[in-house]
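What follows is a short report on a single structure.
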Amino acid sequence: MSGAAAGAITLDGMPLTDLSLEFLRENVALLPQETLILKGTVRENIACGRPGASDEDIERAARTAAAHDFIAALPEGYDTRIAPGTAALSGGQLKRITLARAMLRAAPVLVLDEPTAGLDSVAARQVVQPLRRLMSGRTTIMITHDLSLASDADRVLVVDGGRLVEAGTRTELVARGGMYARLAGVGALTEETLVLRL
């Protein structure tokens, strides 16, 4: 796909360069590839998505993220202390705590960077439904090598070697028979290729 080498990123028609950092921080939630867990209680980890949130709001976010049941089973429930690299919880459980934080935050724009990276197939499946609930009603940009996550995107951008090589819906890209179509049969992309869900 040939095209322009320059462009602009806009939010509701406004170039990002015209928006304050404070505004962007209030309206964009980022879930980085590495699960970000803070030293503190499970409650504090979720609540940092919206300081001052009530216990009811925190629990509601955890339930939506499919995290409440395993949190309630912890020795001190929501008051159980965790830290980066904690061995008490699995990677999938820690990911769902960060999903609960993002759900509590409720920012209108969501950026997901490899949301299932580092998870085994069972843990990844446990994260997918909460991810879909989190994305519902939000503008979501997902960067992923996992085509199962890219398959229900409204728009897919295929980036190879730092260049945009294809754009369209999944159906359009499969019909074109290009890179996405070739990779769709494999189910995963190479390290050099990203699919962005917009």
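All of the numbers you see were taken from the coordinates with simple rules; none came from a lab. Just so we're clear, the structure is a prediction, and the values are computed from it rather than from any experiment. Counting neighbours? That spans all protein chains shown, and the Cβs are built from the backbone with ideal geometry, glycine included.
State the percent of C-alpha pairs, over all pairs in region 15-162, separated by a distance greater than 29 angstrom. That tail contains 16 percent of the Cα-Cα pairs.
Measure nothing fancy, just the Cα-based angle from helix 55-64's long axis to the longest principal axis of the chain, in degrees from 0 to 90, nearest 10. The angle comes out at about 40 degrees.
Taking a cut-off of 22 Å, what percent of all Cα-Cα pairs in region 93-186 are separated by more than that? The partial results should precede the final answer.
Values: 1439 of 4371 pairs.
Roughly 33 percent, once rounded to a whole number.
Modelled spin labels at Val122 and Ile9, positioned 7 Å past Cα toward Cβ, are 3.7 nm from each other. Projected label points at Glu172 and Phe23, each 7 Å from Cα along the beta carbon direction, are separated by 2.9 nanometres. Hull volume per residue, based on the alpha-carbon atoms of region 62-129 and their convex hull, is 99 Å³. Full extension of the chain between Ala181 and Cys48 yields a length gain of 43.8 nm, computed as 0.36 nm times the residue separation minus the alpha carbon distance. Measuring gaps between exposed loop sites in the chain (GluC sites (Glu not before Pro); DSSP loop; at most 12 other Cβ atoms within 10 Å), the longest gap, sites not included, is 77-190.
Site pair Val109 and Asp69 shows an inter-label distance of 3.6 nm when each label is modelled 7 Å from Cα along Cα→Cβ. I'd like the orientation of helix 121-135 relative to the chain: the angle between its Cα long axis and the longest Cα principal axis, in ° from 0 to 90, rounded to 10. Orientation of helix 121-135: about 80 degrees from the principal axis.
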